[in-house]
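S.K.: Sharing a structure, written as structure tokens. Questions coming.
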Amino acid sequence: MAAITMERVSVWYGRVKALNDVSLEVEPGSVLALIGPSGCGKSTLLRVLNRLVERTPAARVAGRVLIDGHDILAPDVDLALLRRRVGMIFQRPVSFPFSIFDNVAYGPRLHGMKNPHQLRRVVEGSLKQAALWDEVRGKLRRPAHGLSGGQQQRLALARALAVNPEAILMDEPTSSLDPGSAARIEELVVHLKGQYTVLIVTHNLQQAARVSDFTGFLDRGQLIELGETSQIFTAPRDRRTEAYLTGQFE
Amino acid sequence: MKRGRRWYAVSAGITVVALAIVLWVLLLLAKDGLAGWHWSRLTRFPRELRSGGGIAPELVNTVSMVMLAECFSAPVGMAVAVWLTDYAPPAAWVGWLKRVLIGFQSIPAIVVGLIVYQTLVDGLGWPLSVGSGTIALAVLNLPAVAVLGATVLSEVPGRLREGSLALGATRIQTVWRLMLPAALPALIDQLGYSWARLAGETAALIFTAGINVGPRWGWFQPGETLAVHFWYVRTEGAMPDWRMVAAATGLVLVTITAGAVLGAKLWAARILAKRGVGVSERG
Amino acid sequence: MERQALNGWIERWQARLLWAATLLVAMLVLAITLVLAVGATRFLQSRGWRLGVLLGANWNPLAGHFEIGLFIVDTIIVTALAMAMTLPFGLGVAVFGAYVASSWERTALRWLLTVLAAVPSVAMGWWGLAVVVPGLRRIGGGPGFSLLAAGAVLAVMLLPTFGLLALEVLDKVPEDWHQASLALGASEDQNLLQMALRVSLPGLKTAFLTAVARAMGETVAVQMVIGGAVYGFHGMLGPGATLTTQILTDMAILPLGHPAHGVLDLMAVILLAGLTLLTIWAQRGDERP
Ligand SMILES: Nc1ncnc2c1ncn2[C@@H]1O[C@H](COP(=O)(O)OP(=O)(O)O)[C@@H](O)[C@H]1O
Ligand SMILES: [Mg+2]
């Protein structure tokens, strides 16, 4: 569980300003849902937290981001360690063309775990946490690409959990899944609450209402409003938030 | 150096070394070829035992033979490509035919030379000539055009094709008005490369086109090309200035092949630009 | 109505033409195979079907000895030397072009490699005679004309082609996969070695085997620097002869029409058999899910 603080964070892609002076705090072990129209900077916000924005050559970040009090934007930060502590799940499930086992063991192996017994224990534990174990037990040597989309997304979650992160970033994790699979992922998020700090981006407002403790509304790179989920959904303070929630957004 | 990027730095170093070595070949050729260069080499006949020979007939032979070979093999090869992509029944033997063509794409040129030598020269009594050489080049080129053409055509998005058919276009109209235009830039690119490959071909021509030139151009006249002349003069040339002749021939040859590849690439890029497709970020 | 009939007629005939072209090419392929098979069979028959000709190294046409084992061995050695030299350089170029280079460097590298890949092999042979052979003579003693020289010349010749093919393969690794791997805490090096190269293995294998096929089939670049020694094996720094160079050397020497000429067809058949195996191997398991 990690406490996350952003102080006046701005991000530019070349000349385009994708995040504008965003400040927020996330309590350890809570779930923060980020909502807002397409292109408002939700993914960018997540990608600042594990510094994956830097993969875009033109990207520039300003401001301070503290995880458990440490400034992760400092130049001497160990990126491998940071990303180990902050896991990420993407919109389209990503499985490497390896076996199910090798997919989950990928992270632990990166960080030097070689002992096969230990690896097996971690893989089994992670798959159980991601509620995939019952479906794949005894088939760990099969290619991961044989799994359904929903299963692959849970596999991605297991892979992220296997390196024992403190926070998990989820970028529209259910938007490419069928309703049944989406519901299972949602259940998992609720389960993870309390053990991990979770930031979840979603276009599905009911989902945000169901899984999150806090909700933030972003528009054109600005954090318009952030509060307890019940408050945001029942009594938004900003007109733009209300307009978005009631579907009257331009 | 950033931590954990050691192999990136290594790859940059390797790239510099690799490019330097390959460019060494071209720069040395340019240096030796330009030393003692005279434009009259382009207009004179070669001389067997005296200095100052030219490469005019070789130049003409190279261009004419490659053009004739392309005129035959490019349309036929493309016809095969179209048939394979759009007309072939989903039968097992079609798969085999594709596989065999892919295999023949890498047939050694010397083997083609051997076969043309045994059939045309020995069997039919054709002389070592422009004609025999052209046939050898065409045979060499056919499987390559068919396979690469089929690859390019199969990359035309299927929905375009289905859309056209749904609008009532016949299959052949779809091919002419949609598939070929859509694939045109890629095909031009391939054509440039195939031009360069044929122009630089040596092994298939030594015993089909021969190592002599005739007094004039003709189908049954001796058909030495630039590449063969380059090889012959460098390994067996008896003229006093053989070093210069060889390097000059090589320089002209490399200029032609590089010109064909670059010209085709620029042409293709221009067509794409006109269609409003910018050079892609990764391209 | 009439117009429709005309269109139908054109359609039918064009389809027939396409089919005829395919038939023509199929026949051509068949004819090539037949000519080689007949020549090789005639030769083997004249030798009483003793397959020892494939293994022995006694090549002396004037004395009636036609054993081609040495050429097979030299072909394999030269190809292996070339690939061993070109593999690290080609992979380096590919990694740089796909993952390290900036956008304009990548474009420039692609264009440069394409032009270099089209440099005629005879130019590489010329460079080998000018640089590699004298260099080896100075360093290693001996004639300089050698299997090693042939391997080096081939390596330089194949480098742009193999580099370009490998670059395309590495470039096809989806951006999603890179991000997923980096997001787990992989360093760029780990991402490269444990993810990108690993998932690209099937494609890299195909690229590699394509280069092997070109190395095996190359003639003049090898012939110019290998020395053409047909008696016995002289080591890496000594001269030799490969299947292709020996076909070139003897095409006009062995009497046409004589069964002995068929030994060249046999050599061609062996080359093609080797290439067929490579093609089958290259195509096996190359379909990415
Ligand atoms: N790699 C990039 N290069 C340039 N602009 C980008 C890039 N990624 C995102 N953007 C721009 O930044 C803004 C925010 O994008 P993003 O964070 O992906 O929004 P969201 O996830 O909310 O849809 C958008 O205007 C988008 O066009
Ligand atoms: Mg997004």
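The values are calculated or read from the model by the stated rules, or taken from the named source; none is laboratory data. It should be emphasised that the depicted structure is a prediction, and the values quoted were computed from it without experimental measurement. In this analysis, Cβ positions are derived from the backbone assuming ideal geometry, glycine residues included, and neighbour counts consider all displayed protein chains. Heavy atoms of the whole protein, side chains included, go into the accessibility calculation; ligands, DNA and RNA do not. Shrake-Rupley method; radii C 1.70, N 1.55, O 1.52, S 1.80 Å.
S.K.: With +1 on each Lys and Arg Cβ and -1 on each Asp and Glu Cβ, and nothing else charged, work out how big the dipole of the protein assembly as shown is about its Cα centre, in Debye to the nearest 20.
M.R.: Computed about the Cα centre, the dipole is about 320 debye.
S.K.: From the phi angles alone, apply the Karplus equation (6.51, -1.76, 1.60; θ = phi - 60°) to segment A:197-208 and give each ³J(HN,Hα) in whole Hz, x where the residue is Gly or Pro.
M.R.: Values per residue, Gly and Pro as x: 7, 10, 10, 10, 8, 8, 9, 9, 5, 4, 4, 4 Hz.
S.K.: Roughly how crowded by other chains is peptide C:269-279, in terms of the mean Cβ count from those chains within 10 Å of each of its Cβ atoms?
M.R.: 3
S.K.: Right, next: Roughly how big is the C-A contact, given as buried accessible area in Å² (both sides, 1.4 Å probe, nearest 100)?
M.R.: Buried area (both sides, nearest 100 Å²): 2000 Å².
S.K.: DSSP beta bridges in chain A, what fraction antiparallel, as a percent rounded to 5?
M.R.: Antiparallel bridges make up about 55 percent of those DSSP assigns within chain A.
S.K.: If I model a spin label at B:ALA166 and A:GLU135 as a point 7 Å from the Cα along the Cα→Cβ vector, what separation in nanometres do I get?
M.R.: Simple spin-label model gives 3.2 nm for this pair.
S.K.: Turning to a different aspect of this structure: Mind scanning B:LYS98/C:LYS205; A:LYS128/A:LYS193; A:LYS139/C:LYS172; B:LYS98/B:LYS265; C:LYS172/C:LYS205; A:LYS114/A:LYS193 and naming the pairs with a C-alpha gap bigger than 25 Å?
M.R.: Working: B:LYS98/C:LYS205 20 Å; A:LYS128/A:LYS193 16 Å; A:LYS139/C:LYS172 28 Å; B:LYS98/B:LYS265 27 Å; C:LYS172/C:LYS205 15 Å; A:LYS114/A:LYS193 30 Å.
Check vs 25 Å cut-off fails for A:LYS139/C:LYS172; B:LYS98/B:LYS265; A:LYS114/A:LYS193.
S.K.: Using the charge dipole of segment A:4-245 (Lys, Arg: +1 at Cβ; Asp, Glu: -1 at Cβ; taken about the Cα centre), state which of A:ALA243, A:VAL9, A:PRO108 has its Cα farthest towards the positive end.
M.R.: So the residue we want is A:PRO108.
S.K.: Let me spell out the model: positive unit charges on the Cβ of Lys and Arg, negative unit charges on the Cβ of Asp and Glu, origin at the Cα centre of segment B:34-282. What dipole size does that give, in debye rounded to 20?
M.R.: My answer is approximately 580 debye.
S.K.: For the protein assembly as shown, what is the percent of antiparallel DSSP beta bridges, rounded to the nearest 5?
M.R.: The antiparallel proportion sits near 60 percent.
S.K.: Rolling a 1.4 angstrom probe over the protein heavy atoms, how many square angstrom per residue are accessible across chain A?
M.R.: On a per-residue basis, 44 Å².
S.K.: Which peptide among C:37-50, A:149-162 comes first, and what is the full order, when sorted by highest mean count of other Cβ atoms within 10 Å? Write down the numbers at each step before the final one.
M.R.: Values: C:37-50: 15.1, A:149-162: 24.9.
Highest mean packing first, the order is A:149-162, C:37-50.
S.K.: So if we plug the beta-carbon distance of B:LYS31 and C:GLN4 into 1/(1 + (r/R0)^6) with R0 = 56 Å, what FRET efficiency do we get, rounded to 0.05?
M.R.: Calculated transfer efficiency: 0.25.
S.K.: Still on this model: Roughly how crowded by other chains is peptide B:19-32, in terms of the mean Cβ count from those chains within 10 Å of each of its Cβ atoms?
M.R.: Going residue by residue through B:19-32 and averaging, the value is 5.
S.K.: Between segment C:128-180 and segment B:184-227, how many Å separate their Cα centres?
M.R.: Cα centroid to Cα centroid, the span is 26 Å.
S.K.: For segment A:4-245, with all protein chains present and a 1.4 Å probe, just round the carbon and sulfur fraction of the accessible area to a whole percent.
M.R.: Exposed carbon and sulfur together represent 47 percent of the surface.
S.K.: Using label points projected 7 Å from each Cα along Cα→Cβ, tell me how many nm separate C:ILE280 and C:SER102, to one decimal.
M.R.: 5.0
S.K.: Taking 7 Å along the Cα-to-C-beta vector as the label spot, tell me the A:THR5-B:TRP93 distance in nanometres, rounded to one decimal.
M.R.: 7.8
S.K.: Also: Mind listing the phi-derived Karplus ³J(HN,Hα) values for segment B:181-188, rounded to whole Hz, using 6.51, -1.76 and 1.60 with θ = phi - 60°, and x for any glycine or proline?
M.R.: x, 4, 8, 3, x, 5, 5, 4
S.K.: A further question on this structure: Post the alpha-carbon centroid distance, segment B:81-136 to segment A:66-113, in whole angstrom.
M.R.: If you average the Cα positions of each part, the centres end up 53 Å apart.
S.K.: Hey, another quick one. Applying 1/(1 + (r/R0)^6) with R0 = 51 Å to the Cβ-Cβ distance of B:LEU184 and C:LEU193, what FRET efficiency is obtained, to the nearest 0.05?
M.R.: Calculated value: 0.80.
S.K.: What ranking do B:233-246, A:126-139 get when scored by the average of other Cβ atoms within 10 Å per residue, highest first?
M.R.: Ranked by mean Cβ neighbours within 10 Å, highest first: B:233-246, A:126-139.
S.K.: Quick one: Cα centre-to-centre distance for segment C:19-41 and segment C:89-115, in angstrom?
M.R.: 40
S.K.: Compute accessible area for segment A:125-169 by itself and then with all protein chains, 1.4 Å probe, and report residues whose area falls by 20 Å² or more.
M.R.: Buried by the other chains: A:HIS145, A:ARG159.
S.K.: Over both sides of the C-B contact, add up the buried accessible area with a 1.4 Å probe and give it to the nearest 100 Å².
M.R.: Buried area between the two chains comes out at roughly 7300 Å².
S.K.: Right, another one. May I ask you to list the lysines whose Cα is less than 18 Å away from that of A:LYS17, ignoring any residue fewer than eight positions away on the same chain?
M.R.: Within reach: A:LYS42.
S.K.: Quick one: grab the alpha carbon gyration tensor of chain C, order the square roots of its eigenvalues as a ≥ b ≥ c, and give me rounded if a/c is under 1.5, else prolate or oblate depending on whether a/b is larger than b/c.
M.R.: Details: a/c = 2.18, a/b = 1.17, b/c = 1.87.
Cα axes put chain C in the oblate bin.
S.K.: Among rounded, prolate and oblate, which fits chain B when a ≥ b ≥ c are the square roots of the eigenvalues of its C-alpha gyration tensor, a/c under 1.5 means rounded, and a/b larger than b/c means prolate?
M.R.: oblate
S.K.: Say a paramagnetic label sat at a point 7 Å from the Cα of A:ASN204, along Cα to Cβ; which residues of segment A:224-250 have their backbone N under 19 Å from it?
M.R.: A:229-230, A:233, A:245-247
S.K.: Calculate, in nm to one decimal, what A:GLN248 and A:GLU25 gain on full extension: separation in residues at 0.36 nm each, minus their alpha carbon distance.
M.R.: Details: separation 223, 0.36 × 223 = 80.28 nm, distance 2.83 nm.
Stretched out fully, the A:GLN248 to A:GLU25 stretch lengthens by 77.5 nm.
S.K.: Counting only protein heavy atoms and using a 1.4 Å probe, what share of the accessible area of chain C belongs to carbon plus sulfur, as a whole percent?
M.R.: Here carbon and sulfur together make up 70 percent of the probe-accessible area.
S.K.: Could you give the alpha-carbon Rg of the protein assembly as shown over 2.2 N^0.38 Å, rounded to two decimals? Could you put the intermediate results ahead of the total?
M.R.: Details: Rg = 32.1 Å, N = 822, 2.2 N^0.38 = 28.2 Å.
That ratio works out to 1.14.
S.K.: Mind checking C:247-253 for the average number of partner chain beta-carbons within 10 Å of each residue's beta-carbon?
M.R.: Across the residues of C:247-253, the mean count of other-chain Cβ atoms within 10 Å is 4.
S.K.: Let me know the Rg and Dmax you get for segment B:115-245 when you use only its Cα atoms, in Å.
M.R.: Final numbers for Rg and Dmax: 20.7, 70 Å.
S.K.: What is the dipole size for chain C, taken about its Cα centre, with +1 at each Lys and Arg Cβ and -1 at each Asp and Glu Cβ, in debye to the nearest 20?
M.R.: Dipole about the Cα centre, nearest 20: 520 debye.
S.K.: Further, regarding this structure: If you count, for each residue, the other Cβ atoms within 10 Å and average over each peptide, how do C:121-127, B:115-121 line up from highest to lowest?
M.R.: C:121-127, B:115-121
S.K.: For a Förster distance of 30 Å, can you work out the FRET efficiency between the beta-carbons of B:PHE45 and C:ALA63, rounded to the nearest 0.05?
M.R.: Working: r = 42 Å, r/R0 = 1.40.
Taking R0 as 30 Å, the efficiency between B:PHE45 and C:ALA63 is 0.10.
S.K.: Before I look further, what does chain B give for accessible area per residue, probe 1.4 Å, in whole square angstrom?
M.R.: Value returned for chain B: 45 Å² of accessible area per residue.
S.K.: Give me the 1.4 Å probe accessible area per residue for chain C, excluding ligands and nucleic acids, in Å². Walk me through the numbers on the way to the answer.
M.R.: Numbers: 11780 Å² over 289 residues.
Heavy-atom accessible area per residue stands at 41 Å².
S.K.: Counting only helical runs of four or more DSSP H residues, what would the 222 nm mean residue ellipticity of chain B come to if each run contributes -39,500 (n - 2.57) and the total is spread over all its residues?
M.R.: On the way: 11 runs with 184 residues, N = 283.
Counting only the DSSP helices, I get -21500 deg cm²/dmol.
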